[in-house]
Ligand code: SF4
């Protein structure tokens, strides 16, 4: 069975900044076809639950309290890639609009809920390394693959 690394919040793990999750209704269907490896780059990078929400801004990641958390985000991205290498994972499913996991859109850095085209730190890093990055709206294409 092919392995896919997936944002831990999409399988229902309470790892979001506010202690919640983004469980996808398609997880059970995915499990019929793939072995899912849940991973949260922010938590694995060293951030706590709950934590201040963060946004990308001018090449850095800043949380709403004004702290620069770029190092933790970069550590999470590297760890995600290490797992992909170790488990021979070629595809990941990442939560859209997250400053770590977003693959097409992210918030603009002003904490005003404005969305712009862009990628989160982990999504960008994995794509650069040649991993196929999908978001939760593209799960259907993986189910019909
Ligand atoms: S960093 Fe990714 S996996 Fe973790 S809570 Fe945010 S979107 Fe979910």
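Assorted remarks:
- Looking at 87, 79, 94, just one residue is modelled with pLDDT of 95 or more and within 11 Å of the ligand (Cβ to nearest atom), and that residue is 94.
- Candidates 47, 30: the one that is in contact (Cβ under 8 Å) with a residue 60 or more places away in the chain, farther than 21 Å from residue 114 by Cα and surrounded by 15 or more Cβ atoms within 10 Å (Cβ to Cβ) is 30.
- Across the stretch 118-130, the qualifying residues are those that are assigned to a loop (DSSP other than H, G, I, E, B) and within 15 Å of the ligand (Cβ to nearest atom), and the one among them that is surrounded by the most Cβ atoms within 10 Å (Cβ to Cβ) is 120.
- Hits in the stretch 75-117 - residues which are more than 17 Å from residue 7 (Cβ to Cβ) and not in a loop (DSSP other than H, G, I, E, B): 85, 86, 115, 116, 117
- Candidates are the residues of the stretch 91-117 that are surrounded by fewer than 13 Cβ atoms within 10 Å (Cβ to Cβ) and in contact (Cβ under 8 Å) with a residue 12 or more places away in the chain; the one that is farthest from residue 30 (Cα to Cα) is 110.
- Residue count for the stretch 1-22, restricted to those that are near the ligand (Cβ under 10 Å from one of its atoms), part of a loop (DSSP other than H, G, I, E, B) and in contact (Cβ under 8 Å) with a residue 40 or more places away in the chain: 1.
The values are calculated or read from the model by the stated rules, or taken from the named source; none is laboratory data. A quick note: this is a predicted structure, and the numbers were derived from the prediction, not measured. All Cβ positions, glycine included, derive from the backbone under ideal geometry; neighbour counts span all protein chains shown.
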